[in-house]
Amino acid sequence: MNALKQAAATVLLSNWRRGYTVPAGGLYPHQWSWDSAFIAIGLRHLSPRRAQQELDSIFSAQWADGRLPQIVFHTGLDDGYSPGVSFWRSDTIPGSPPVETAGLIQPPNHAMAVLMVHESDPAESARRRFLARAYPRLVRWHEYLRHRRGGADGLARIVHPWESGMDNSPYWDARLAAISHSYSAAIPRPDLLHADAGHRPSNGEYGKYLYLAARYRDHDCDDADEKFPFQFEDPAFNALWARSELSLATIAELVGADPRPHRTEAQRITDSLEALWSGEVGCYVGRDVLTGGLQQFRTVSGLVPLLLPSLPHTEELLGMLRGPHFRLGQVAMVPSHDLTAPTFDSARYWRGPSWFNTAWLIAEALYERGYTDEAEVLSRNMDDSALEHGFPEYLDPYTSDPRGTQHFSWTAALALDLSERIGASR
Ligand code: 2M8
């Protein structure tokens, strides 16, 4: 085993909790939805069976309406995380699963992960009927997005910054500033015991986050609160949905179902993404559904549509990735926000630092589009930084200094995945 594989395996083993992986002991002591899909993509190189269990475990928390929850609290305890079990009280909400969960969701990268895990060991997958179990779960999850979150323009909306996975992206600034309410009780910040306050969202932002989450919970998470004050269409969320529909088409073929509706759906979402294209800034941007306003910020979310094969703005997006705003190959990985923007902050959560999961998505897109040299440079950059700094949560794009917490599961999993690919291509 090479050094990276060994070190990544150690992180993944220490964060494994009988059937699922926590993103990081301490800061994130439960199972997170999109983390688990990313983690499974790396785990498949160590144990395809464990990677299947990781995804099965998220599916076991599916709600009656098809949603896959943002967080699954398998221990049934807060365990020092807020908002946890005692905030969500999901057992009192109709349609919730037997296990305690959050009511919100996260980006739909699961079908992508299911297919990759299957492909790592098709015989083991067939023996355990992994795809046959996953396929109907994924179909219901995507139906939830279409029927409960879908808007007239064909895109799915998110109802909380946490649902984007990119918690305090500048996309949300104007809307959060326009919300005059804050959480009425004291704001617990156990996260600050594990991470620098200067890297995490502020208390003001947390007050709004908790206000929105409590309001969603108090409406039974039923997506029927028409005046809900936070409704956004996010480019990465919708691009991952479209991309997952393509994976679902392949999964459908493998289980003997009809792949065509999934391909049609992927194309429909890809076409709908045009509503988020901003000629003004030259990439996809978030849209505030309540005002219709495009949020004119360049963020890594706006580059993730590169994962879609039939994207009309591919050349412009590649130019954006390589140009002065993101400087592919000249800074650490891919910054989460425009390096030239006044709102750029090299240390603060999702407002500038480079994250390993988004770098992996961009590397994947570059490999698929045949830009192998650039994809390999990005992959090596990810692998070297991950190993050198103890698998940090994210990096300063200019100095590569580690930020956030350490021994972070998706960092280990995705660095491992890319190192296996580089190894295989030699
Ligand atoms: C971060 O988000 C959580 C809330 O979901 C938090 O800040 O407490 C984000 O980076 C998110 O993308 C990630 O899934 C989660 C766990 O790693 O942490």
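The values are calculated or read from the model by the stated rules, or taken from the named source; none is laboratory data. In this text the structure is predicted, and so the values were computed from the model without any measurement. With ideal geometry, Cβ positions are generated from the backbone for all residues, glycine too; neighbour counts draw on all protein chains shown. The protein model used for the area step is the full one, side chains on, heavy atoms only, and it has no ligands, DNA or RNA in it. Shrake-Rupley method; radii C 1.70, N 1.55, O 1.52, S 1.80 Å.
Computed about its Cα centre, the charge dipole of region 34-157 is approximately 400 debye, with only Lys, Arg, Asp and Glu carrying charge at their Cβ. Taking label points 7 Å from Cα along the Cα-to-Cβ direction, Ser86 and Glu119 give a separation of 4.6 nm.
In whole percent, and with a 1.4 Å probe on the protein chains, what portion of the accessible area of region 1-155 is carbon and sulfur? Before the final figure, lay out each step's value.
Working: 2780 of 5390 Å².
In region 1-155, the share of accessible area belonging to carbon and sulfur is 52 percent.
Scalar couplings 3J(HN,Hα) for region 162-176, obtained by applying the Karplus form with A = 6.51, B = -1.76, C = 1.60 to θ = phi - 60°, are 4, 5, 7, x, 10, 3, 10, 4, x, 3, 8, 4, 5, 5, 4 Hz; x denotes Gly and Pro.
Reported to the nearest whole Å, the Cα centre-to-centre distance from region 301-358 to region 233-292 is 19. Give the long-range amide H neighbours of Phe73: residues separated by 5 or more places, or on another chain, with amide H under 5 Å away, using H modelled in the peptide plane at 1.01 Å from N. When sequence neighbours closer than 5 places are left aside, the close amide H contacts are Glu100, Thr101, Ala102.
Positive contributions from Lys and Arg (+1) and negative ones from Asp and Glu (-1), summed over other residues with Cβ under 13 Å from the Cβ of Trp410, come out at -4. Using a probe radius of 1.4 angstrom, the carbon and sulfur fraction of the accessible surface of region 170-215 is 57%.
Computed from the Cβ-Cβ distance with R0 of 60 Å, the FRET efficiency linking Ala197 to Arg260 stands at 0.75. Taking amide hydrogens as placed 1.01 Å from N in the peptide plane, the amide H of Gly293 sits under 5 Å from those of Asp288, each at least 5 positions away in sequence or on another chain. Residues whose amide H falls under 5 Å from that of Ser278, counting only those 5 or more places apart or on a different chain, are Cys283, Tyr284, Val285, with hydrogens built in the peptide plane.
So how strong a dipole does the chain carry about its Cα centre when Lys and Arg Cβ are +1 and Asp and Glu Cβ are -1, to the nearest 20 debye? Could you put the intermediate results ahead of the total?
On the way: 40 positive and 52 negative charges, 151 e Å.
Dipole size: approximately 720 debye.
The base-10 log of I(q)/I(0) for region 226-346, evaluated at q = 0.11, 0.20 Å⁻¹, reads -0.43, -1.07 [Debye formula, identical scatterers on Cα atoms, solvent excluded]. Computed from backbone phi with θ = phi - 60° and the Karplus coefficients 6.51, -1.76 and 1.60, the 3J(HN,Hα) list for region 293-303 is x, 6, 8, 7, 10, 8, 9, 5, 4, x, 9 Hz; x is used for glycine and proline. Using the empirical formula 2.2 N^0.38 Å as the baseline, the Cα radius of gyration of the chain reaches a ratio of 0.90.
How many Å² of accessible area per residue for region 355-424, probe 1.4 Å?
Details: 2170 Å² over 70 residues.
Ligands and nucleic acids excluded, the result is 31 Å² per residue.
Per residue, the accessible area of region 200-309 comes to 33 Å² when a 1.4 Å probe rolls over the protein heavy atoms. Counting only heavy atoms of the protein chains and using a 1.4 Å probe, Tyr20 has close to 20 Å² of accessible surface.
Taking Cα centroids, how far is region 174-216 from region 377-426 in Å? Value for the Cα centre distance between the two parts: 29 Å. Let me make sure I get this right: for region 95-220, a, b and c are the square roots of the gyration tensor eigenvalues over alpha carbons, sorted descending. Under 1.5 in a/c it's rounded, otherwise prolate if a/b > b/c, else oblate. Which is it? In terms of gyration-tensor shape, prolate.
Once you sort the root eigenvalues of the Cα gyration tensor of region 268-426 as a ≥ b ≥ c, which label holds: rounded (a/c under 1.5), prolate (a/b larger than b/c) or oblate (the other case)? Each step should come with its number before you reach the end.
Working: a/c = 1.95, a/b = 1.34, b/c = 1.45.
Verdict is oblate for region 268-426.
Across region 394-408, rounded Karplus estimates of 3J(HN,Hα) from the backbone phi angles (6.51 cos²θ - 1.76 cosθ + 1.60, θ = phi - 60°) give 7, 10, 6, x, 7, 9, 6, 5, x, 10, x, 8, 10, 6, 8 Hz, Gly and Pro being marked x. For region 402-422, the residues whose backbone nitrogen is under 14 Å from a point 7 Å from the Cα of Asp79, taken along Cα to Cβ, are 409. Model label points for Asp271 and Ile179, set 7 angstrom from Cα along the Cα-to-Cβ axis, are 3.4 nm apart. Select from Ile269, Ala197, Phe232 the residue farthest towards the positive end of the dipole of region 157-281; place +1 on Cβ of Lys and Arg, -1 on Cβ of Asp and Glu, and compute about the Cα centre. Positive-most Cα among the choices belongs to Ala197.
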